[in-house]
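The values are calculated or read from the model by the stated rules, or taken from the named source; none is laboratory data. What you see is a predicted model; the values in this text were computed from it and never measured. So basically every Cβ, Gly included, is an ideal-geometry build from the backbone, and we count neighbours across all protein chains shown. Side chains are part of the model used for accessible areas, which takes the heavy atoms of the whole protein and leaves out ligands, DNA and RNA. Shrake-Rupley method; radii C 1.70, N 1.55, O 1.52, S 1.80 Å.
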Amino acid sequence: MNTKHFIPFVPAYQEEVDPLEKAKALYTFNDKRRSVRTFSDRPISKEVIEQLIMTASSAPSGAHKQPWTFCAVSNPQLKSQIRTAAEKEEYENYHGRMSDDWLEDLKQFDTDWHKPFLEIAPWLIIAFRKNYDLTNGVKSKNYYVQESVGLACGFLLSAIHHAGFVSLTHTPSPMNFLQKLLNRPENERPFLLIPVGYPAENTEVPDLKRKTLDDVSVFYE
Ligand code: IYR
């Protein structure tokens, strides 16, 4: 039984801060985050990746179940197997499985079925969602799993950006091959594949414009 046990809340700041200044600074910083598809092979230490995953796992989750597992892959053979399996699916996607509208929407990103970054990026972090928990063969419920793992991945992307690295939210589809290659238990399903690294030299990104505040918000005062 989980009974109530509370402790004093510790605020993030010990002294009064200017919230507008903080809000503007974070917006300016986060607005610089871009998805990148060309990575350098420059290594990143395991210790840093562990720290990034700790940040991801500090996200809120339904009933604090933390229904996620983050698999961090730097092993070259495994990365190569992941690339081969992902490219097999993506080849099918780009040659018939994706609609014409979808392919048209993707033109501005200049993507295709080739995924060299899956071998070049020093780390691939694969987030798995746990639809239920499985401890010593005993099943227990998780709640709001998609929302929870989505939030944890958001925290992860933000931590990656904050540490000076680049990332991509990659969803090879279908991605059940990841469950097999990474030997994950039956209660886990792949959610998102995130290559992490430094950008290749002369990396370019599409010239995207973000929606305005008016486009994305409504205020009721
Ligand atoms: N999974 C494919 C296609 C793709 C789909 C969307 I939606 C994107 O925003 C980008 C790509 C791929 O990774 O190429």
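Cβ-Cβ contacts under 9 Å between residues 6 or more apart (or on different chains), taken from a first residue in region 200-221 that is open to solvent by 100 Å² or more (accessible area, probe 1.4 Å) to a second residue that is in a loop (DSSP other than H, G, I, E, B), are listed as E201/T38; E201/S40; N202/T38; E204/T38; R210/D31.
Quick check on W102: is it surrounded by fewer than 12 Cβ atoms within 10 Å (Cβ to Cβ) and either part of a helix (DSSP H, G or I) or modelled with pLDDT of 95 or more (or both)?
Details: surrounded by fewer than 12 Cβ atoms within 10 Å (Cβ to Cβ): yes; either part of a helix (DSSP H, G or I) or modelled with pLDDT of 95 or more (or both): yes.
Spelling it out, W102 is indeed surrounded by fewer than 12 Cβ atoms within 10 Å (Cβ to Cβ) and either part of a helix (DSSP H, G or I) or modelled with pLDDT of 95 or more (or both).
Restricting region 176-197 to residues that are in contact with a strand residue (DSSP E or B) (Cβ under 8 Å, 6 or more places away or on another chain) and polar (S, T, N, Q) leaves a set whose member that is most open to solvent (accessible area, probe 1.4 Å) is N176.
Restricting region 79-88 to residues that are out of contact with any Asp or Glu (no Cβ under 6 Å at 6 or more places or on another chain) and open to solvent by 40 Å² or more (accessible area, probe 1.4 Å), the residue that is nearest to the ligand (Cβ to nearest atom) is K88.
Can you tell me which residues in region 108-152 are within 11 Å of the ligand (Cβ to nearest atom) and either out of contact with any Lys or Arg (no Cβ under 9 Å at 6 or more places or on another chain) or without any contact (Cβ under 8 Å) to a residue 60 or more places away in the chain (or both)?
Passing the criteria: Q108, D112, W113, H114, K115.
Note on region 163-213: among residues that are out of contact with any Phe, Trp or Tyr (no Cβ under 7 Å at 6 or more places or on another chain) and acidic (D, E), the one that is farthest from the ligand (Cβ to nearest atom) is E186. Determine if region 125-147 includes at least one residue that is surrounded by 21 or more Cβ atoms within 10 Å (Cβ to Cβ) and among the aromatic types (F, W, Y). Taking every residue of region 125-147 in turn, at least one turns out to be surrounded by 21 or more Cβ atoms within 10 Å (Cβ to Cβ) and among the aromatic types (F, W, Y).
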